[in-house]
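Colleague: Here it is: the structure, laid out below.
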Number of protein chains: 4
Amino acid sequence: MPVSDADREEIRSRLSRIEGQIRGLKRMVDEDRYCGDILDQIHSVQQALKSVGRAITRNHLETCVTDALRSGDEQAAQESYDEIMGLLEKEL
Amino acid sequence: MPVSDADREEIRSRLSRIEGQIRGLKRMVDEDRYCGDILDQIHSVQQALKSVGRAITRNHLETCVTDALRSGDEQAAQESYDEIMGLLEKEL
Amino acid sequence: MPVSDADREEIRSRLSRIEGQIRGLKRMVDEDRYCGDILDQIHSVQQALKSVGRAITRNHLETCVTDALRSGDEQAAQESYDEIMGLLEKEL
Amino acid sequence: MPVSDADREEIRSRLSRIEGQIRGLKRMVDEDRYCGDILDQIHSVQQALKSVGRAITRNHLETCVTDALRSGDEQAAQESYDEIMGLLEKEL
């Protein structure tokens with residue numbers, strides 16, 4: 001991933017926050033918290049992960065995908081299309 | 001959450017696995033792994049979280065929601081409907 | 001579907017609007033419109049369908065699911081849980 | 001949309017099938033069919049629409065997006081990235 005040091009640091013710190021949220025979830029389960037609240041928290045983590053995924057995807061489009069399409073290599077282009085379609089399929 | 005000890009242990013251990021996956025993601029970012037692979041791993045975590053969410057939702061339907069609907073309390077029933085619609089809205 | 005006449009009329013008219021949107025989509029394809037605009041229109045139809053689905057789901061929860069859970073019939077209850085989980089699975 | 005005549009005809013006929021499915025949905029509502037069956041049918045239409053959207057998206061990537069990225073025009077490139085991110089956002 002040809003990503004700048006600043007971006008990598010940002011992604012790392014977002015992942016650390018998500019790790020903390022997962023630990024928070026385990027505590028909620030231990031404390032027998034209301035399922036609705038636990039589900040809300042799971043949703044928050046999903047949104048946070050989606051947001052990290054989006055940042056990485058944008059970077060990926062701007063670098064690898066753009067390089068692949070500009071290279072004129074038809075197979076590399078097709079692989080990029082497949083990859084983007086795969087991201088749509090996964091709703092990432 | 002009126003959940004059995006066995007179910008709670010199962011949910012806890014799934015969350016611990018997810019925590020490990022997040023740490024794995026941080027390592028992948030540190031090691032400058034290919035974005036496509038990182039995105040695949042994010043997708044795996046999303047699926048794992050969704051699966052935990054589904055288990056909790058099922059338990060919630062079988063306990064709190066069922067109790068609310070059987071109580072005959074119309075407001076409690078409406079809150080249960082709202083809650084289920086909210087889960088659909090969040091695609092949890 | 002134990003739905004009031006007014007609700008049924010409302011759902012019918014929403015479906016007619018969606019039918020019109022689909023015809024509009026065919027015209028856009030015939031006229032070689034920009035793919036981005038066609039995709040926006042497809043997204044609008046998806047949202048309209050989702051909204052009809054949500055209205056039917058809410059009605060379903062308030063009637064059939066509630067009856068099933070109140071009946072005390074354990075198998076009917078399990079089928080209702082399965083149905084709701086299925087709706088979540090389909091992201092309807 | 002720089003799409004071949006064969007592809008346009010294919011997309012048109014898929015949209016006509018979807019139009020027929022919507023009419024089928026209206027009949028189901030008129031006939032007071034079980035909500036679960038109506039919701040299943042709505043889900044089928046959603047899937048059919050998603051599949052048309054995917055075909056158009058793939059074509060869009062192979063033509064407009066590729067042209068934009070190869071043109072060397074940085075603004076056109078950014079608009080393409082925005083567009084792809086928008087498709088992901090809409091889960092199209």
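The values are calculated or read from the model by the stated rules, or taken from the named source; none is laboratory data. Predicted model, so just to flag it, every value in this text is computed and none were measured. All Cβ positions, glycine included, derive from the backbone under ideal geometry; neighbour counts span all protein chains shown. For the accessible areas, the whole protein counts, side chains as well, though only heavy atoms, and no ligand, DNA or RNA atoms are used. Shrake-Rupley method; radii C 1.70, N 1.55, O 1.52, S 1.80 Å.
Colleague: Would you work out which of A:Cys35, A:Leu69, A:Tyr81 lies farthest towards the positive end of the dipole of chain A, given +1 charges on the beta-carbon of Lys and Arg and -1 on that of Asp and Glu, about the Cα centre?
Modeller: Towards the positive end, the residue furthest out is A:Cys35.
Colleague: Another question, then. Determine which chain C residue has its Cβ at minimum distance from the rotation axis mapping C onto A, giving the value in whole Å.
Modeller: Checking which Cβ lies nearest the axis yields C:Glu91, 4.
Colleague: Here's something else I'd like to know. Hey, could you pull the Cα Rg and Dmax for the range B:1-46, both in Å?
Modeller: Rg, Dmax (Cα atoms, Å): 14.1, 44.
Colleague: Compute the FRET efficiency between D:Ser51 and B:Lys90 as 1/(1 + (r/R0)^6), taking r as their Cβ-Cβ distance and R0 = 25 Å, and round to the nearest 0.05.
Modeller: Working from the Cβ atoms, E equals 0.55.
Colleague: While we're on this one: Could you state how much accessible area is buried at the A-B interface, both sides summed, with a 1.4 Å probe, in Å² to the nearest 100?
Modeller: So the buried area, both faces added, is about 3900 Å².
Colleague: Calculate the tail of P(r) for the range D:22-75: the fraction of all Cα-Cα distances greater than 12 Å, expressed in %.
Modeller: 72 percent
Colleague: For chain A, modelled as a Gaussian network with Cα springs under 10 Å, which listed residue fluctuates most, A:Ile42, A:Ile18, A:Ile56?
Modeller: Its mean-square fluctuation being the largest, the pick is A:Ile42.
Colleague: Please identify every one of the GluC sites (Glu not before Pro) in the range D:13-70 that sits in a loop by DSSP and has no more than 16 other beta carbons within 10 Å of its own beta carbon.
Modeller: D:Glu31
Colleague: Run the numbers on chain D and let me know its relative contact order in percent, using alpha-carbon pairs under 8 Å that are six or more apart.
Modeller: Values: 32 pairs, mean separation 28.3, N = 92.
31 percent.
Colleague: Still on this structure, please answer the following. Just to be sure I understand the curve: with the Debye formula and one point per C-alpha of the protein assembly as shown, what is log10 I(q)/I(0) at q = 0.08, 0.10, 0.12, 0.14 Å⁻¹?
Modeller: Values, matching the q order: -0.50, -0.76, -1.03, -1.23.
Colleague: Related question: May I ask you to give the solvent-accessible area per residue for chain A, in square angstrom, as obtained with a 1.4 angstrom probe?
Modeller: On the way: 4010 Å² over 92 residues.
It amounts to 44 Å² per residue over chain A.
Colleague: Tally up the carbon and sulfur contribution to the accessible surface of the range B:5-92 as a whole percent, 1.4 Å probe, everything protein left in place.
Modeller: Answer for the range B:5-92: carbon and sulfur cover 44 percent of the accessible area.
Colleague: How many percent of the alpha carbon pairs in chain B exceed a separation of 18 Å?
Modeller: Percentage above 18 Å: 58.
Colleague: I want to verify a result. In a Gaussian network model of chain B, Cα cutoff 10 Å, which of these has the top mean-square fluctuation: B:Gln47, B:Gln75, B:Gln21?
Modeller: B:Gln75
Colleague: Within a Cβ distance under 12 Å of D:Asp30, other residues only, what is the Lys/Arg minus Asp/Glu net charge?
Modeller: The answer is +2.
Colleague: Using 7 Å Cα-to-Cβ label points, what is the D:Asp32/D:Gln75 separation (nm, one decimal)?
Modeller: 6.1 nm
Colleague: Continuing with the same structure: For n ≥ 4 DSSP H runs only, could you compute -39500 (n - 2.57) per run for the protein assembly as shown, divide by its residues and tell me the 222 nm figure to the nearest 500?
Modeller: It lands at -27000 deg cm²/dmol.
Colleague: If the cut-off is a Cα-Cα distance under 28 Å, which lysines reach C:Lys26, setting aside same-chain residues fewer than 8 apart in sequence?
Modeller: Of all the lysines, those that pass the test against C:Lys26 - Cα under 28 Å, at least 8 places apart if same chain - are A:Lys90, C:Lys50, C:Lys90, D:Lys26, D:Lys50, D:Lys90.
Colleague: Connecting C-alpha atoms closer than 10 Å in a GNM of chain D, tell me which of D:Ser51, D:Ser13, D:Ser71 has the biggest fluctuation.
Modeller: D:Ser71
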